[in-house]
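Presented below is the structure to which this report refers.
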Amino acid sequence: MSGSVPKKSSAIVVVETARDYVKIVQANRSGKGRQVVKLHLHKIDRSREDVASDVMGVLRKLKMGFVPVIACLPRQSVNVRFLEIPSTNPSEIDDMVELQIDRQTPYSRDEIVADYRIVGPGSKGYTKVMLIIIQRSQMRHRFVLLEKAGANVNSMCVSSEGILSWFHAAMGGAGARGTHILLDVDKAYTDLTIVSRGQLVFTKSIRIGAEQLKKDFDGWKNRFLQDVRHSVEIYRAESHDDSVVQQLVLTGVGPGIEGLEKMLSEELSLAVQSIDALHRIQHGSGLPDLTGEDYADVSFTALIGMAISPETLEFSLVPDTVRRRRSLAVKARVLTAMGVWLIVVMGMSSLWTATAMQKKVINLLGLDQMIKDIAEEVEDVRKKRETTLMIMDRLDSSHAPVSLLRELHRVTPVTIGYDSISIEEGRRMILRGRATGYQDVNTLRSNLDDSEVIPPDVKPGPARKQDDLVQFEVVCSSSSEGGTP
């Protein structure tokens, strides 16, 4: 568990990047707490070649270029596991979690980044931990985008921690008692978080959000309700917790979706409380109306929680290449500072000791050469950094043929057989095969659409019945922007 979040900074900026928008929240220190002073939603024009420059313009306009930035990772972009570790010793827990990581993901260790936080005591002699795993390529893409935009990114944290911090601020002392279910409805998904006695004990991402529920509430409400129930059942089965849920808290876009609060209350037999994201949160004047047309379909709950309580964030993810580069940069700055300091000392000494002038001149010349050497080393580090980023980009195996085939095997129903699988350059894959029925083909297409590895543009080809089997063709290709990062 790393801890590079700028907890003592007077101002904190939290940024979340999505495919078609960027969410930004800034909070400044105010008295004993923090006050939200800026809140902004910027729509990204993906047809532009330089998205980073677009984001840079927004940060400069908002005067956030030099403020420490926390990058918010949406819950849906990470894998979460809740584990019971048979130890209460922190060093032993760390070693045991390291051993568990390989068992919790099909990816190799060089393809992922992982971190964990302790969420409370388990059964006698055990400790409960929350383990997060994210593909290195996804994290690096977001990190590089923000760095190119000029953001001073300190770390990347997971939205679930932000929701927990927001919950404690919005609920006050009531948040530390009993068990609560939080539903933070965002544009394309919903974060379900369960808090028991003030601790985050479960989190799940539901792939239904404001887009679906506002457009066709009657058509999506049953599936949404089913996913909520299923998530709670998973939590109870894994934690063996049969405690009574005190209430369900609906936030984000949820309070603005007509009929959602009533449906959840009646179907789940729970007290449901709808809370605005700025409820009981210190905030300045002039913030946009979150229920207005421009902001009504996105949730700022997690970002607000992170911004007002950065000291509670335990997850802190940084790509290895960035970590190494920062270490070299720190060393370079220390050496430069030492050189400058020595120059000042020698310069002052020369005023008091005229007899040692010649020796001091020689020393100054030597220090001047040292500064030049350091400058060359810094330039060399910069070039190596650019080369490293280029190499890591090329080594990204998330769309390599073996990764595509492994993912294809995972999402293919057992009733489907392939006659041919063609993987072409440019991230294009053509599947031809046979299925027992058209429904199997539709299931395959849906699974391909939901996959984060298969090229995202899934188009069906011709399908026809032959000898009681359906012969089909499906083409998966990357979009014009280069595919999903």
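The values are calculated or read from the model by the stated rules, or taken from the named source; none is laboratory data. In this text, all values refer to a predicted model and were calculated from it rather than measured experimentally. Counting neighbours? That spans all protein chains shown, and the Cβs are built from the backbone with ideal geometry, glycine included.
Got a number for residues in segment 76-124 being closer than 23 Å to Val411 by Cβ and among the acidic types (Asp, Glu)?
2
Quick test for you: out of Ser87, Ser77, pick the one residue that is over 22 Å from the mean Cα position of the chain (by Cα), in the same structural domain as Ser159 (by TED's automatic domain parsing) and touching a residue at least 40 places away in the same chain (Cβ under 8 Å).
The match here is Ser87.
Read through the list (1) crowded, with 21+ Cβ neighbours inside 10 Å; (2) in contact (Cβ under 8 Å) with a residue 60 or more places away in the chain, then give the number of the only condition that Ile194 fails.
In the conditions (1) crowded, with 21+ Cβ neighbours inside 10 Å; (2) in contact (Cβ under 8 Å) with a residue 60 or more places away in the chain, Ile194 misses (2) alone.
Taking the residues in segment 146-181 that are under 18 Å from Ala271 (Cα atoms) and touching a helix residue (DSSP H, G or I) at 6+ places or on another chain (Cβ under 6 Å) as candidates, determine which candidate is surrounded by the fewest Cβ atoms within 10 Å (Cβ to Cβ).
Applying the filter and picking the extreme gives Gly175.
Go through the residues of segment 93-106 one by one and say whether even a single one is assigned to a strand (DSSP E or B), assigned by TED's automatic domain parsing to the domain that holds Ile194 and within 17 Å of Ser316 (Cβ to Cβ).
no
Would you please list the contacts, defined by Cβ atoms under 6 Å and residues six or more apart or on different chains, that run from a residue in segment 19-39 that is without any contact (Cβ under 8 Å) to a residue 24 or more places away in the chain and within 11 Å of His283 (Cβ to Cβ) to a residue that is assigned to a strand (DSSP E or B) and polar (S, T, N, Q)?
So the pair list comes out as Asn28/Gln35.
Taking segment 431-472 on its own, how many of its residues are free of Cβ contacts under 8 Å to residues at least 12 places away in the same chain, acidic (Asp, Glu) and closer than 16 Å to Val411 by Cβ?
1
Name the residues in segment 122-137 that are over 11 Å from the mean Cα position of the chain (by Cα) and either at pLDDT 85 or above or closer than 17 Å to Leu313 by Cα (or both), would you?
If the condition is that a residue be over 11 Å from the mean Cα position of the chain (by Cα) and either at pLDDT 85 or above or closer than 17 Å to Leu313 by Cα (or both), then Gly125, Tyr126, Thr127, Lys128, Val129, Met130, Leu131, Arg136, Ser137 are the ones that fit.
Yes or no: segment 138-161 includes at least one residue that is in the same structural domain as Arg60 (by TED's automatic domain parsing), farther than 27 Å from Ala52 by Cβ, modelled with pLDDT under 85 and part of a loop (DSSP other than H, G, I, E, B).
no
Considering (1) modelled with pLDDT under 90; (2) part of a strand (DSSP E or B), say which one Lys459 fails and leave the rest.
Tallying (1) modelled with pLDDT under 90; (2) part of a strand (DSSP E or B), Lys459 fails exactly one: (1).
Search segment 59-76 for residues being touching a strand residue (DSSP E or B) at 6+ places or on another chain (Cβ under 7 Å) and surrounded by fewer than 17 Cβ atoms within 10 Å (Cβ to Cβ), and hand back the single one that is modelled with the highest pLDDT.
Leu62
I'm trying to understand the selection: among the residues of segment 266-301, which are part of a helix (DSSP H, G or I) and within 24 Å of the chain's Cα centre (by Cα)?
Thr301
State yes or no: is Asp241 surrounded by fewer than 21 Cβ atoms within 10 Å (Cβ to Cβ), assigned by TED's automatic domain parsing to the domain that holds Lys128 and either assigned to a loop (DSSP other than H, G, I, E, B) or in contact with a strand residue (DSSP E or B) (Cβ under 8 Å, 6 or more places away or on another chain) (or both)?
Yes.
Would you mind telling me which numbered condition in (1) more than 20 Å from Leu313 (Cα to Cα); (2) out of contact with any strand residue (DSSP E or B) (no Cβ under 6 Å at 6 or more places or on another chain) Glu84 fails?
Of (1) more than 20 Å from Leu313 (Cα to Cα); (2) out of contact with any strand residue (DSSP E or B) (no Cβ under 6 Å at 6 or more places or on another chain), only one is false for Glu84: (2).
List every residue pair whose Cβ atoms lie under 7 Å apart, where the two residues are 6 or more positions apart in sequence or sit on different chains, the first residue falls within segment 121-132 and is touching a residue at least 12 places away in the same chain (Cβ under 8 Å) and surrounded by 14 or more Cβ atoms within 10 Å (Cβ to Cβ), and the second residue, located anywhere, is outside any loop (DSSP other than H, G, I, E, B) and small (Gly, Ala, Ser).
Lys128/Gly120; Leu131/Ala114; Ile132/Ala114
Of the residues that sit in segment 294-311 and are out of contact with any strand residue (DSSP E or B) (no Cβ under 7 Å at 6 or more places or on another chain) and either modelled with pLDDT under 90 or within 20 Å of Asn152 (Cα to Cα) (or both), which one is surrounded by the fewest Cβ atoms within 10 Å (Cβ to Cβ)?
Glu311
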